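Shown next, in structure tokens, is the structure this report addresses.
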Amino acid sequence: MISQAISIFKKEVKLEWRNKTAFNGILLYLVSTIFICYLSFNVRTGQLQVLTWNALFWIIIVFANINGVAKSFLQEGEGRMLYYYTLCKPHVILSGKLLFNILLSVIISLVGFTVYAFILGNPVNNYTFFLLTILFASIGFSAVLTLVSGIVSKANNSTALMSILSFPILLPILLMSVRLTKNAIDGINIGIMSDKLFTLISVDAIVLATAYILFPFIWRN
């Protein structure tokens, strides 16, 4: 099962590497959105507060993830899905897709943070917890979007349905991530941040467990 999941992961990486249109589109979205924020808030005059900086960052990252990670099952045709069904178990399919989506989400978040900090400034004090929050938030985003992508892949208007279904589930992870990064920016006590980070990890574990429980039923249908 592990070797099959790795094979699916490699297949996803090769497809994305050959067709760079999607990833380049996400990069264009990140850069253009951040630059619009720069022009709108007139950063040179010091109008962008830390709370606004933090909130804008996560809004940009969430929608970049929805655009990038959500296509997991939406781009698969019925013939290929049937071919996968004859080859391996649903947990293997989910694992391979999830590994690729986590990698893609982490890259999107790190590139987004780099460009965002370069253009809009960087008020972060505790980089360790800030980057850990990005990592575990990316895992949570990937798990939710991969599962919802599998659910809506058979719907007619799947793109619109994807955003409608995924955002309420992403909201708890998003709110927790905003609080954690705000603490990392302010340099609050490590013990307090560790407890909240553990809460985010627990939510990720619940989302992953739910995905592995529900996906076989979705895949069978």
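The values are calculated or read from the model by the stated rules, or taken from the named source; none is laboratory data. Predicted model, so just to flag it, every value in this text is computed and none were measured. Note that we place each Cβ from the backbone using ideal geometry, even for glycine, and neighbour counts take in every protein chain shown. Surface accessibility is based on the protein's heavy atoms, side chains included, excluding ligands, DNA and RNA. Shrake-Rupley method; radii C 1.70, N 1.55, O 1.52, S 1.80 Å.
When you scan region 183-195, do you find a residue that is touching a Ser or Thr at 6+ places or on another chain (Cβ under 8 Å) and within 24 Å of ALA70 (Cβ to Cβ), even just one? No: region 183-195 contains no residue that is touching a Ser or Thr at 6+ places or on another chain (Cβ under 8 Å) and within 24 Å of ALA70 (Cβ to Cβ). If I ask for residues that are free of Cβ contacts under 8 Å to residues at least 12 places away in the same chain and within 20 Å of the chain's Cα centre (by Cα), which ones from region 20-39 would you list? Answer for region 20-39, where residues must be free of Cβ contacts under 8 Å to residues at least 12 places away in the same chain and within 20 Å of the chain's Cα centre (by Cα): LYS20, THR21, ASN24, LEU28, SER32.
Among the residues making up region 133-149, a single one is open to solvent by 10 Å² or more (accessible area, probe 1.4 Å) and at pLDDT below 90: LEU147. Considering region 204-217, the residues that are surrounded by fewer than 17 Cβ atoms within 10 Å (Cβ to Cβ) and not small (Gly, Ala, Ser) include one that is nearest to ARG179 (Cα to Cα), namely ILE206. Which members of region 62-94 meet the condition of being buried (at least 23 other Cβ atoms within 10 Å of the Cβ) and at pLDDT 85 or above? Within region 62-94, ASN65 is the sole residue that qualifies. Looking for something free of Cβ contacts under 8 Å to residues at least 12 places away in the same chain and not aromatic (Phe, Trp, Tyr) - is there at least one such residue anywhere in region 172-186? Checked against the condition, which is being free of Cβ contacts under 8 Å to residues at least 12 places away in the same chain and not aromatic (Phe, Trp, Tyr), region 172-186 yields at least one hit.
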